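Data block below; observations after.
The values are calculated or read from the model by the stated rules, or taken from the named source; none is laboratory data. Fair warning: this is a prediction, and the values are worked out from it, not measured in the lab. All Cβ positions, even for glycine, are placed from backbone atoms using ideal geometry, and neighbour counts span all protein chains on display. Ligands, DNA and RNA are excluded from the accessible area calculation, which covers all protein heavy atoms including side chains. Shrake-Rupley method; radii C 1.70, N 1.55, O 1.52, S 1.80 Å.
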Amino acid sequence: MACVIEIRDQELYVMVANKSKGKISVSRAFRVYLSDSLFKNNEVVFTESVINQISSAFENHKIKDTKVQVVINHRIALTKDIIVPKTDNKKLGLIVENEMVSLFNLTKDFIVDYTVLDEVSQDGIQKIRTLTCAIRRSTLKGLENLFDALGMKITSIDVANVSFMNFVHKTNVVDTKEPMIIIDASSSYIRYYLFSDKKFVLMRTLYIHVDDDHIAISKRVLHVLELMSQSQLKDTGKPVGRVKLLGFEKRFGMMSALSETYLKMSTSVPNIFESISPEDKELYDYGNTMGVLL
């Protein structure tokens, strides 16, 4: 069994599961809602009260794991897709790091990591496209201290965007070469992933709050979808015609209505349960977590 915990601003998504023959069998999956935010002024901050809340939730759900894989789902992790010259792995890492340092004016306090998305051709020259992230060393140390206080040791740290894309590829959510958008409509954000020819094109994130006006959210959702569709129409001559929904199942109705009624995009919820058991709709909201396990 493996324990994976996704860290959001004021929530933890906890999953204990087993992977066998490319499939995930989920034993436990639950959320822990915290009284305080874990991130303040770009630092990990936690109180004894927060530790007690988490410990109590772990005890209630019989979490006894001493090792944990962590997923960061927060603006504290900087992410960017970058196209760089094709070269060997050692030089590629240096080039990607230099690009991130230049783009975000990073200091030496940041650690840069990346995953290769695909190869692209620009003016007949083959290049590498990467999804790159940068995280402060102090953030990593703060997370280590948090889990030390819980009696757990971190074995790996991933960023939500990267693990989510691993999830959609391994579960065959991207099943067409036509332009399509995958929407991860969760409780505190709506994240859009645009694919064309089964390749990742771009990502956008809309952060939302419980007290945000629904009409305002709807307008912002439509605006992002329209911009993505227009970009594909301009680049490929094909607008986006399909949307797939993942995330918080209670948001699916609203997202489907907006996509189909106003933009004439067909919407559907992918069948992820060929790779995941049990067949529980709650698991649609654990894509970032399951992406680490697949």
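Brief remarks follow.
- Per-region count, the stretch 178-209, residues under 22 Å from Lys250 (Cα atoms), touching a residue at least 60 places away in the same chain (Cβ under 8 Å) and either of a type in the set (S, T, N, Q) or outside any strand (DSSP E or B) (or both): 3
- Residues being open to solvent by 40 Å² or more (accessible area, probe 1.4 Å) and either in a loop (DSSP other than H, G, I, E, B) or modelled with pLDDT of 95 or more (or both) - total across the stretch 159-177: 3
- Of all residues in the stretch 64-91, those satisfying the criterion of being over 30 Å from Lys153 (Cβ atoms) and either outside any loop (DSSP other than H, G, I, E, B) or out of contact with any Asp or Glu (no Cβ under 8 Å at 6 or more places or on another chain) (or both) are Asp81, Ile82, Ile83, Val84, Pro85, Thr87, Asp88, Lys91.
- Of everything in the stretch 5-27 that is charged (D, E, K, R), touching a residue at least 24 places away in the same chain (Cβ under 8 Å) and open to solvent by 70 Å² or more (accessible area, probe 1.4 Å), the residue that is nearest to Leu140 (Cα to Cα) is Lys19.
- Residue that is more than 26 Å from Lys80 (Cβ to Cβ) and touching a Phe, Trp or Tyr at 6+ places or on another chain (Cβ under 9 Å), where the choices are Ile208, Ile190, Ile183, Ile272: Ile272
- Residues of the stretch 59-79 that are open to solvent by less than 50 Å² (accessible area, probe 1.4 Å) and under 19 Å from Gln10 (Cα atoms): Val68, Gln69, Val70, Val71, Ile72, Asn73, His74, Ile76, Ala77, Leu78.
- In the stretch 259-269, residue surrounded by the fewest Cβ atoms within 10 Å (Cβ to Cβ) [restricted to those that are in contact with a helix residue (DSSP H, G or I) (Cβ under 8 Å, 6 or more places away or on another chain) and under 15 Å from Asp184 (Cβ atoms)]: Val269
- Residue match in the stretch 37-57 (condition: of a type in the set (Phe, Trp, Tyr), open to solvent by less than 10 Å² (accessible area, probe 1.4 Å), under 23 Å from His209 (Cβ atoms) and part of a strand (DSSP E or B)): no
- Being open to solvent by 70 Å² or more (accessible area, probe 1.4 Å) and out of contact with any Cys (no Cβ under 8 Å at 6 or more places or on another chain) is a property that Lys108 has.
- Search result, residues across the stretch 270-294 that are closer than 19 Å to Ala185 by Cβ and aliphatic (A, V, I, L, M): Ile272, Ile276, Leu283, Met290
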